[in-house]
Amino acid sequence: MNAANIKFRIVKSKIMQVVIIAFAFAITLPLLFIIFYIFRQGITKINWTFLTRIPKPVGELGGGIANALLGSVLIVFVASIIAIPFGILCGIYLSENKTSRLSYWSRLTVDVLQGVPSIVIGIVVYFWIVKTVGTFSAFSGSIALAIMMLPILIRSTEETLKLIPSTLKEAGLALGLPYHKVILRVIVPCGISGILSGVMLSIARIAGETAPLLFTAFGNPYLSTNILKPMQSLPLLIFNYATSPYDDWHDLAWGAALILLLTVLLLNIITKITTRRWSVQL
Amino acid sequence: MTNYPQYSVRVIHYLNMEAIQQKIEEIPVKKNRGSNGQIRMEYVFRRTLVIAALLMVVLVFGIMLTLIIESTPSMKSLGIKYLWGKTWDPINNVYGSYSFLLGTLLTSFLALIISIPFSFAVAFYLGEYKPTGWFSNFLKNTVDLIAAVPSVIYGFWGLIVLVPIVRNLEMKIGVLPYGIGIFTASLVLAIMIIPYAASLGREMIRLVPSSLKEGAYSLGATKWEVIHRVILPYTKSGLFAGILLSLGRALGETMAVTMVIGNTSMIPTSIFAPGNTMASVIANEFNEADHTLYWSALVELGLVLFLVTVVINMIGKRIIKRFTNE
Amino acid sequence: MTQTLNKIKSRLIAFSLLSSLILLYSQSFGQSGDKSLLGAGSTFINPLFSKMFAEYNKKTGMEVNYQSIGSGGGILQLTNKTVDFGASDGPLNDEQTTKMGVPVLHIPMASGAVVLTYNLPGVNASLKLTPDVIADMFLGKITKWDDKGITALNAGITIPSFPILIVHRSDGSGTTNIFTNYLSKVSPEWSSKVGSGGAVNWPTGLGGKGSEGVSGLVKQTPGAVGYVELIYALQNKMSFAQVKNLKGKFIMPSLTSVSAASNIQLPDDAKVFITNTDAADGYPISGFTWVIIYKEQNYSSRSMQRAQNLLQLLWWNIHDGQQYTTPLNYSPLSKGALQVAEKILKSATYNGKAILK
């Protein structure tokens with residue numbers, strides 16, 4: 001073990017450290033660059049007209065994204081209403097029953113669902129709902145999005161509730177509370193922060209999803225609140241306008257992209273902040 | 001309320017003592033009001049939970065069934081040749097998914113190759129070099145946020161920013177300056193899948209028992225040697241699982257890819273040529289597959305995509321489970 | 001702690017009640033099923049439809065939601081009965097007709113030009129192209145812009161030595177249908193190698209989604225050439241080519257040259273391709289766009305009201321709506337074409353009885 005050998009190893013280690021730090025640092029660049037670029041492109045386009053008008057006919061200037069904004073809000077809202085109770089209940093079941101046959105299969109299928117590409121879910125919902133009912137609708141889009149929300153909701157609910165000491169449940173039951181009260185009034189409120197963060201994460205995930213909406217919500221140039229009819233949404237608008245040749249449509253797409261990006265990032269950041277403060281200490 | 005030992009103080013922090021006290025007072029009254037109702041409520045509640053779990057299973061099996069049923073016409077008439085047929089010709093009803101399989105595999109693997117150095121760098125940095133500190137927090141949050149950005153935004157940005165850059169590059173190299181193509185799609189994908197291997201890798205590295213690492217350090221190993229000779233072999237399978245999960249994500253990515261890949265059904269001649277992936281083909285052509293064979297060929301693509309991504313994800317998850325339980 | 005939880009709980013309940021109320025309420029002043037119509041299809045006609053329907057909405061309050069997903073998409077969605085009408089630049093072929101099952105009506109709306117638009121740095125003028133050259137470009141046989149075949153036709157223009165990047169449609173398209181129909185007529189090699197239809201096996205090139213996608217790609221890619229409807233090239237200030245027609249003249253695609261090509265006697269079912277016209281001043285790559293509807297409108301429990309709304313919309317399209325064609329460089333229906341269209345519309349029935357009187 002001579003000195004030169006040791007020096008070489010130390011130098012090598014230092015070099016690798018620099019390389020690794022450089023690469024790690026480089027990661028932050030694309031994201032910052034993208035955010036900065038979208039911000040710069042989009043911030044000038046957002047004004048009152050932008051937010052409250054609907055798009056003009058092809059080739060005419062002016063117009064806004066009001067229909068897409070409202071559409072996105074409505075579709076995500078309906079998807080959440082469908083998915084949240086369902087997801088939380090399933091998560092509760094999985095956290096309570098760790099070894100039953102049903103929970104094995106349920107966990108397996110949740111894992112499978114998490115990996116299914118969103119376009120495949122869009123195909124399936126098209127077949128299940130759009131073709132059967134006979135029309136495209138925001139509702140079918142919501143169903144597709146709800147299916148995508150489920151794995152995240154179930155996962156986070158299950159993980160949160162698993163962290164809660166079982167002594168809590170046992171204390172409640174020992175005090176004579178009925179099972180559903182123990183779960184709904186003691187355990188779930190205890191883990192509400194984790195569940196809420198799961199809700200917010202799943203909403204952030206689907207707010208930007210385009211593929212499932214391609215064959216379900218379809219799009220609509222008018223302001224619409226009817227969920228049984230086609231509806232426009234922000235990601236659909238961005239996709240259609242970004243690939244078009246019209247410069248003013250590109251402008252609309254930038255503004256819409258900025259709004260979407262900020263919403264999604266905000267949801268994620270809020271989730272991080274709240275989870276850190278309320279993390280269950282054991 | 002004041003004499004509880006240290007352990008229970010924390011429990012109480014979450015134990016809704018007042019509510020429980022309230023319930024304790026309520027219980028005698030409620031009990032007299034008919035425990036039958038309560039038992040029924042319990043029963044209903046338990047049943048609801050079971051139904052919720054059951055519905056998940058039904059849902060996923062339903063998805064698989066629908067895909068299989070809808071692709072039977074295509075499977076019946078095209079058979080196994082579908083997988084290596086090189087022509088995708090809706091006019092003459094000849095469907096071969098080879099060029100899309102190739103495009104999918106090319107873009108995903110290229111994206112993996114590009115992203116792995118970065119993911120691992122992040123994993124090593126956050127797992128071993130500096131798990132705490134303001135930069136580490138910043139890095140960790142940034143990586144998570146990368147995963148949060150919707151893919152259509154990546155596609156838009158790629159179309160407007162990356163494509164001209166790649167086009168200039170192609171002109172310098174001397175290939176056809178499409179700008180759009182497999183390479184650009186791989187770049188965008190690479191950025192998008194970094195978080196998965198990175199965060200999983202970090203978790204795996206943190207699981208390495210410190211006794212192993214301290215042993216190596218005390219024997220005089222440098223930091224890099226500890227990573228290279230101790231951590232890497234130990235977390236090999238975990239890191240591999242992270243790679244698999246990134247791959248699964250890349251395979252199914254649709255929007256960002258379809259905006260920058262060129263959408264042609266020809267077999268790509270080089271990585272700078274345009275191509276197509278399975279997911280992108282479905283997105284482009286699904287809304288207009290106007291004859292049964294066309295439609296069912298597309299659904300069969302979806303089925304292949306479904307199976308491939310599911311298998312890869314399941315293998316990855318299984319490895320992680322085994323690793324974290326060891 | 002209880003108080004915060006109770007507060008959260010009650011706020012959540014109030015919020016969900018309020019929002020469900022709002023949602024329910026909003027459904028009522030959204031459309032009753034019959035104040036809106038849904039159509040899908042051709043991107044070729046999208047600029048025209050988008051303007052027409054906006055004006056129709058101003059006039060009658062009827063919301064016509066038209067999604068330009070390509071002619072193939074329009075036909076499919078109509079077959080699946082998920083839309084009220086489809087729009088296509090190519091009439092239904094035999095297989096599509098069989099798949100429909102029941103008779104459908106093709107109502108011509110307007111005609112337009114499929115232009116060859118290109119992005120050649122330094123060349124703003126309109127290049128002259130002949131049918132063989134175009135076919136060879138799209139077959140991949142001519143690969144550079146300064147190829148002899150092209151420079152010979154354009155003596156006065158200096159053409160830079162760029163590689164030719166073909167941009168075609170990645171989706172099922174009536175524009176492709178018209179273009180490949182033309183190519184099959186003028187090039188036997190194309191006809192045997194590739195054929196014609198809504199989506200073909202292109203020998204070379206990039207795919208763009210919709211005419212929007214193709215024009216977008218051409219606009220951003222130096223050396224690219226694609227085929228789109230005239231208005232897309234005009235609205236985006238892109239150059240397009242003059243094409244030699246059957247009579248030997250180089251024709252600039254325009255309102256007049258398209259009208260010359262479409263001024264023919266339409267057959268009774270209005271299904272006809274007008275490519276490679278023998279009109280002296282006709283632009284050879286022109287085509288009609290049709291709206292396609294079911295002949296018998298009582299299907300999937302559609303109401304009489306809805307059928308009437310649809311027919312009234314289409315009637316307006318071929319009459320008052322025609323005023324919006326020329327400003328956008330589409331060619332309006334000729335008198336003869338109008339008569340055929342009216343007859344076809346009047347043959348639409350609800351429960352066997354004619355809807356329009």
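The values are calculated or read from the model by the stated rules, or taken from the named source; none is laboratory data. All values reported here derive from a predicted model rather than from experimental measurement. Here the Cβ positions follow ideal geometry from the backbone for every residue, glycine too, while neighbour counts run over all protein chains shown.
For the range B:269-286, give me each residue that is crowded, with 24+ Cβ neighbours inside 10 Å and within 11 Å of chain C (Cβ to nearest Cβ).
As a first pass, look at the range B:269-286 and keep what is crowded, with 24+ Cβ neighbours inside 10 Å: B:274-286.
B:PRO274, B:GLY275, B:ASN276, B:SER280, B:VAL281, B:ALA283, B:ASN284, B:GLU285, B:PHE286, listed by residue number.
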>> Take the conditions buried (at least 22 other Cβ atoms within 10 Å of the Cβ) and part of a helix (DSSP H, G or I) and apply them to C:GLY74. Does it pass?
In response: yes
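To keep it simple, each residue is scored yes or no on (1) more than 8 Å from chain B (Cβ to nearest Cβ); (2) within 29 Å of A:LEU145 (Cα to Cα); (3) in a helix (DSSP H, G or I).
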{"residue": "A:PHE8", "(1), (2), (3)": "yes, no, yes"}
{"residue": "A:VAL11", "(1), (2), (3)": "yes, no, yes"}
{"residue": "A:ILE20", "(1), (2), (3)": "no, no, yes"}
{"residue": "A:ALA26", "(1), (2), (3)": "no, no, yes"}
{"residue": "A:LYS56", "(1), (2), (3)": "yes, yes, no"}
{"residue": "A:ILE75", "(1), (2), (3)": "yes, yes, yes"}
{"residue": "A:VAL78", "(1), (2), (3)": "yes, yes, yes"}
{"residue": "A:ILE88", "(1), (2), (3)": "yes, yes, yes"}
>> So, in the range B:68-120, how many residues would count as being more than 24 Å from B:VAL257 (Cβ to Cβ), aliphatic (A, V, I, L, M) and modelled with pLDDT of 85 or more?
In response: 2
>> Under 6 Å between Cβ atoms, which residue pairs at least 6 apart in sequence (or on different chains) link something in the range A:55-80 that is more than 16 Å from A:LEU260 (Cβ to Cβ) with a partner that is of a type in the set (Phe, Trp, Tyr) and surrounded by 20 or more Cβ atoms within 10 Å (Cβ to Cβ)?
In response: none
> Does the range C:112-121 contain at least one residue that is over 18 Å from C:GLY205 (Cα atoms), without any contact (Cβ under 8 Å) to a residue 40 or more places away in the chain and touching a helix residue (DSSP H, G or I) at 6+ places or on another chain (Cβ under 6 Å)?
Replying inline: no
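Within the range A:204-223, identify whether any single residue is of a type in the set (A, V, I, L, M) and under 17 Å from A:GLY63 (Cβ atoms), and answer yes or no. Show your work before the answer.
Restricting attention to the range A:204-223, the residues satisfying the condition of being of a type in the set (A, V, I, L, M) are A:204, A:206-207, A:211, A:213-214, A:217, A:223.
Filter once more, so that each one left must be under 17 Å from A:GLY63 (Cβ atoms): A:223.
Within the range A:204-223, one or more residues are of a type in the set (A, V, I, L, M) and under 17 Å from A:GLY63 (Cβ atoms).
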> Taking the range C:80-136 as the region of interest, how many residues are surrounded by 21 or more Cβ atoms within 10 Å (Cβ to Cβ), in a helix (DSSP H, G or I) and at pLDDT below 90?
Replying inline: 1
> For the range A:39-62, what are the residues that are closer than 26 Å to B:VAL161 by Cβ and at pLDDT below 75?
Replying inline: A:VAL58, A:GLY59, A:LEU61
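Which residues, counting only those in the range C:191-200, are surrounded by fewer than 21 Cβ atoms within 10 Å (Cβ to Cβ) and under 16 Å from C:LYS141 (Cβ atoms)?
Taking the range C:191-200 and keeping what is surrounded by fewer than 21 Cβ atoms within 10 Å (Cβ to Cβ), we get C:191-193, C:195.
Hits for the range C:191-200 are C:SER191, C:SER192, C:LYS193.
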> Has the range A:272-282 got at least one residue that is in a helix (DSSP H, G or I), facing another protein chain (nearest Cβ under 7 Å) and farther than 30 Å from B:PHE45 by Cβ?
Replying inline: yes
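This table checks each residue for (1) more than 28 Å from A:THR210 (Cα to Cα); (2) of a type in the set (Phe, Trp, Tyr).
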site	(1), (2)
B:ILE114	no, no
B:VAL122	yes, no
B:TYR129	yes, yes
B:THR132	yes, no
B:LYS140	no, no
B:TYR154	no, yes
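Do you know which residues across the range C:181-199 are facing chain B (nearest Cβ under 9 Å) and either in contact (Cβ under 8 Å) with a residue 24 or more places away in the chain or of a type in the set (Ser, Thr, Tyr) (or both)?
So the first thing to find is which residues in the range C:181-199 are facing chain B (nearest Cβ under 9 Å), and the list is C:194-199.
Once the filter is applied, which keeps residues that are facing chain B (nearest Cβ under 9 Å) and either in contact (Cβ under 8 Å) with a residue 24 or more places away in the chain or of a type in the set (Ser, Thr, Tyr) (or both), the range C:181-199 yields C:VAL194, C:SER196, C:GLY197, C:GLY198, C:ALA199.
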> Name the residues in the range A:175-184 that are free of Cβ contacts under 8 Å to residues at least 40 places away in the same chain, in contact with a helix residue (DSSP H, G or I) (Cβ under 7 Å, 6 or more places away or on another chain) and more than 7 Å from every other protein chain (Cβ to nearest Cβ), would you?
Replying inline: A:VAL182
> Can you name the residue in the range A:237-248 that is in contact (Cβ under 8 Å) with a residue 60 or more places away in the chain and either under 26 Å from the mean Cα position of the chain (by Cα) or over 11 Å from A:LYS45 (Cβ atoms) (or both) and, of all such residues, is nearest to the other protein chains (Cβ to nearest Cβ)?
Replying inline: A:TYR246
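Grab the helices (runs of 4 or more DSSP H) fully contained in the range B:158-268, keeping just those with 3 or more residues being buried (at least 24 other Cβ atoms within 10 Å of the Cβ) and within 11 Å of chain A (Cβ to nearest Cβ).
Working: elements: B:163-173, B:182-206, B:210-218, B:232-252, B:255-260.
In the range B:158-268, B:182-206, B:232-252, B:255-260 are the helices (runs of 4 or more DSSP H) which contain 3 or more residues that are buried (at least 24 other Cβ atoms within 10 Å of the Cβ) and within 11 Å of chain A (Cβ to nearest Cβ).
Residues in the range C:46-58 that are more than 9 Å from every other protein chain (Cβ to nearest Cβ) and either in contact with a helix residue (DSSP H, G or I) (Cβ under 7 Å, 6 or more places away or on another chain) or closer than 11 Å to C:GLY321 by Cα (or both): how many? Reasoning before the result, please.
From the range C:46-58, those more than 9 Å from every other protein chain (Cβ to nearest Cβ) are C:56, C:58; that's our starting set.
Filter once more, keeping what is either in contact with a helix residue (DSSP H, G or I) (Cβ under 7 Å, 6 or more places away or on another chain) or closer than 11 Å to C:GLY321 by Cα (or both): C:56.
Total meeting the criteria: 1.
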>> I want to confirm something. Restricting to the range C:261-311 and keeping residues that are charged (D, E, K, R) and in a loop (DSSP other than H, G, I, E, B), which single residue is surrounded by the fewest Cβ atoms within 10 Å (Cβ to Cβ)?
In response: C:ASP268
> In the range A:1-35, what count of residues is obtained for those that are under 15 Å from B:PRO117 (Cα atoms) and among the small types (Gly, Ala, Ser)?
Replying inline: 3
> Within the range B:60-101, can you find the residues that are in contact with a Ser or Thr (Cβ under 7 Å, 6 or more places away or on another chain), crowded, with 18+ Cβ neighbours inside 10 Å and free of Cβ contacts under 8 Å to residues at least 12 places away in the same chain?
Replying inline: B:VAL60
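Looking at the range C:140-151 only, could you name the residues that are assigned to a helix (DSSP H, G or I) and either crowded, with 22+ Cβ neighbours inside 10 Å or in contact with a Pro (Cβ under 9 Å, 6 or more places away or on another chain) (or both)? So that I can check it myself, show each step before the final result.
Within the range C:140-151, the subset assigned to a helix (DSSP H, G or I) is C:148-151.
Result: C:ILE150, single match.
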> Checking A:PRO230 against (1) within 12 Å of chain B (Cβ to nearest Cβ); (2) at pLDDT 85 or above, which test does it fail?
Replying inline: (1)
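Just one of B:ILE319, B:ILE231, B:ILE315 is under 14 Å from the mean Cα position of the chain (by Cα) and at pLDDT 85 or above; which is it?
After ruling out the rest, the residue left standing is B:ILE315.
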> Condition test on C:GLY207, is it surrounded by 21 or more Cβ atoms within 10 Å (Cβ to Cβ), more than 7 Å from chain B (Cβ to nearest Cβ) and outside any helix (DSSP H, G or I)?
Replying inline: no
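Restricted to the range C:312-328, and to residues that are of a type in the set (Ser, Thr, Tyr) and more than 19 Å from C:SER88 (Cβ to Cβ), which residue is surrounded by the most Cβ atoms within 10 Å (Cβ to Cβ)?
Of the range C:312-328, the ones of a type in the set (Ser, Thr, Tyr) are C:324-326.
If we keep only those that are more than 19 Å from C:SER88 (Cβ to Cβ) as well, we get C:324, C:326.
Numbers: C:TYR324: 23, C:THR326: 13.
Step by step, filter the range C:312-328, then rank; the result is C:TYR324.
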> For the range C:152-180, which residues satisfy the criterion of being more than 12 Å from every other protein chain (Cβ to nearest Cβ), over 17 Å from C:THR275 (Cβ atoms) and either surrounded by 24 or more Cβ atoms within 10 Å (Cβ to Cβ) or out of contact with any Leu (no Cβ under 8 Å at 6 or more places or on another chain) (or both)?
Replying inline: C:ALA152, C:ALA155, C:GLY156, C:THR158, C:SER161
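Is it fair to say C:LYS237 is free of Cβ contacts under 8 Å to residues at least 40 places away in the same chain, under 21 Å from the mean Cα position of the chain (by Cα) and in a loop (DSSP other than H, G, I, E, B)?
In short, yes.
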